[in-house]
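Reading through the structure tokens given below for one structure.
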Amino acid sequence: MQNKRTLIMISLLLLLSTGAVVTWAQTGGGYDLTWHTLDSGGGLSSGGDYSINSTIGQPDAGTLSGGDYSLQGGFWHANCVPPAVVNPTIALSNNDVELSWLPVNQADSYNIYRDTVPYFVAAAVYQNSTTSPWLDPGAVGNPALNYFYLMRSVSCGESGNSQRSGEFDFALVPGS
């Protein structure tokens, strides 16, 4: 009888401790694991008068967060690098450099790179512009300092380099 009682007590303790662990694991840390989605891509989806073929959907797009963690969900997009700016022009406007270009249809904005060396490697964006023309105030007037420019059109990616432009200041020496 004593063995039977001991066996029941041990079984009861094991059962209670297992239940406590399972409950603790499901609710601990401030996380909600009561729902999920399974997103897959491609195939035909239809409903009513509409159908769409070969697309990927993520209905839980947006920021998901809990505790110290967050996850940004969304859609993968295709490579959408816009075409490069072609035939940019450079002009003098008082003591300013004025760059102009034709708009690129797929571009949201334009990154402008500037350096003092003609064939520089474009690394840091000097300025971003959404319109043409663009002015570089006070860039003209110092014969010891010449600037060179190139542009890249920007959408969800950045295009290749435009043609390069430059401004040259020359000192006039009387009597030469």
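Just so it is clear, none of the values below were taken in a lab; they were calculated from the coordinates. Model, not experiment: these values are computed from the prediction. With ideal geometry, Cβ positions are generated from the backbone for all residues, glycine too; neighbour counts draw on all protein chains shown.
Remarks
Every residue, every condition in (1) more than 13 Å from Ala84 (Cβ to Cβ); (2) over 24 Å from the mean Cα position of the chain (by Cα); (3) free of Cβ contacts under 8 Å to residues at least 40 places away in the same chain; (4) not in a loop (DSSP other than H, G, I, E, B), yes or no:
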position: Ile112; (1), (2), (3), (4): yes, no, yes, yes
position: Leu135; (1), (2), (3), (4): yes, yes, no, yes
position: Gly138; (1), (2), (3), (4): yes, yes, no, no
position: Phe148; (1), (2), (3), (4): yes, yes, yes, yes
position: Arg152; (1), (2), (3), (4): no, no, no, yes
position: Ser162; (1), (2), (3), (4): no, no, no, no
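- Of all residues in segment 97-120 being surrounded by 15 or more Cβ atoms within 10 Å (Cβ to Cβ) and among the acidic types (Asp, Glu), the one that is farthest from Asn146 (Cα to Cα): Glu98
- So Gly175, is it out of contact with any helix residue (DSSP H, G or I) (no Cβ under 9 Å at 6 or more places or on another chain) and in a loop (DSSP other than H, G, I, E, B): yes
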